[in-house]
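*Asks:* Can you read through this structure? Questions will come right after.
Throughout, read-outs are computed from the coordinates displayed, never taken from laboratory work. Everything numeric in this text was worked out from a predicted model, so none of it was measured. Don't worry about glycine lacking a Cβ; one is built from the backbone with ideal geometry, like all the others, and counts go over all protein chains shown.
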Amino acid sequence: MTRETIRNFMLTLLALGVAGAAGSFGTFAQFNAVTTNPSNTFSTGFIQVTNTANGGAACTSQSSGGGANNSPATCSSLLTLSNMVAGDSKVGTLTVSNTSSSNGPVQLSLSVSSSTSNSIVANVPTASASAGLGMLLFRCVGASPGGSYNSPVTCNTSSGQLYPLYGSCTGTPTMGSSGFNTTQVASANTTDQNIVVGGVTCTPTATALNAISNLSLTGFDAVPSPGSTGTPALGISAGHSDFYAGIVYLPGIAGNTQSSAGTNTATLTFNWTAAGIGSTH
């Protein structure tokens, strides 16, 4: 065998070795472990609130698409007062419950609309003979030492307190032994727009009744605001209720301009809007 033949034979063996090595890489096996997370289902819920006026029948409203009780819902009257004279007042109580399908809290706002626009609803409740109707709105809360207040309680709770939400008072009015009712409201003052509630002088907010719009009623529960890591918002958590006491009255200083032989009449609608503000975490 010549030297040239030996060299060609060695080159052939080397080529076969490289090809075999390449073939080995092509058939190399590797262990694998695989996990999956199936059935990740997302669905929307709905906001639902229940409105109970003066301890009567519950009235439920759901956000649009939520079910049979889509908004808005027409509930029982809260306050009715006919043949008023200066100093007359009417009280009402309201329970608002967050009965939503999920754990989402809500914030409540109030607007008042009127069937007509006349002096009793269009005039501001000021210390003048032309004063319009005054309104006070309170949260019913439990009594606690030191004059502060704790969690909301039903307005028929014995010896509770009234925390002002609309209007102001010189102190914290208290409920009677049988809760809040007309016995805690004295005749309106004859010299100004004020009225005594639970032994404390209270002043209505200087806004005409038919001009109350989107009055924010921050709840008692601290709940996170969507997209915020700061101070929590105040609302009504799912499964919780808030309890309100309202007073509408004609100031005692109102004069003959408000008499009108019973024709100065208006029918009010209290519109309570519950807006979802995310969910608790």
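*Asks:* How do 180-191, 197-208 rank on mean C-beta neighbours within 10 Å, highest first?
*Replies:* 197-208, 180-191
*Asks:* Relative contact order for segment 81-276 using alpha-carbon pairs under 8 Å, separation at least 6, rounded to a whole percent?
*Replies:* Result for segment 81-276 is 39 percent.
*Asks:* Between Thr126 and Thr80, with labels modelled 7 Å along Cα→Cβ, what's the label distance in nm to one decimal, could you check?
*Replies:* 3.3 nm
*Asks:* Determine ³J(HN,Hα), in whole Hz, for all residues of segment 161-170 in sequence, where each value follows from phi through the Karplus function 6.51 cos²θ - 1.76 cosθ + 1.60 and θ = phi - 60°; x replaces Gly and Pro.
*Replies:* After applying 6.51 cos²θ - 1.76 cosθ + 1.60, I find 10, 10, 9, x, 10, 9, x, 9, 9, 6 Hz.
*Asks:* Something else now. Would you mind estimating how fast segment 81-276 diffuses translationally, via Stokes-Einstein at 4 °C and 1.567 mPa s with the Kirkwood radius over Cα pairs, in µm²/s?
*Replies:* It diffuses with D of about 74 µm²/s by this estimate.
*Asks:* Beta carbons within 10 angstrom, averaged per residue: use that to sort the peptides 76-84, 215-223, 50-58, highest first.
*Replies:* Going from most to least packed, we get 215-223, 50-58, 76-84.
*Asks:* Taking a ≥ b ≥ c as the square roots of the Cα gyration tensor eigenvalues, with a/c under 1.5 meaning rounded and otherwise prolate when a/b beats b/c, else oblate, which class fits segment 159-206?
*Replies:* oblate
*Asks:* Could you compute the FRET efficiency for Ser109 and Thr269, with r as their C-beta to C-beta distance and R0 at 22 Å, rounded to 0.05?
*Replies:* Given R0 = 22 Å and the Cβ-Cβ separation, E is 0.95.
*Asks:* Now a separate question. Please give me the summed charge of the neighbours of Gly134: other residues whose Cβ is under 13 Å from its Cβ, Lys and Arg +1, Asp and Glu -1.
*Replies:* In short, -1.
*Asks:* Amide H neighbours of Val196 under 5 Å, counting only residues 5+ apart in sequence or on other chains, H built in-plane at 1.01 Å?
*Replies:* Distant-sequence amide H within range of Val196: Ala186, Asn189, Cys202.
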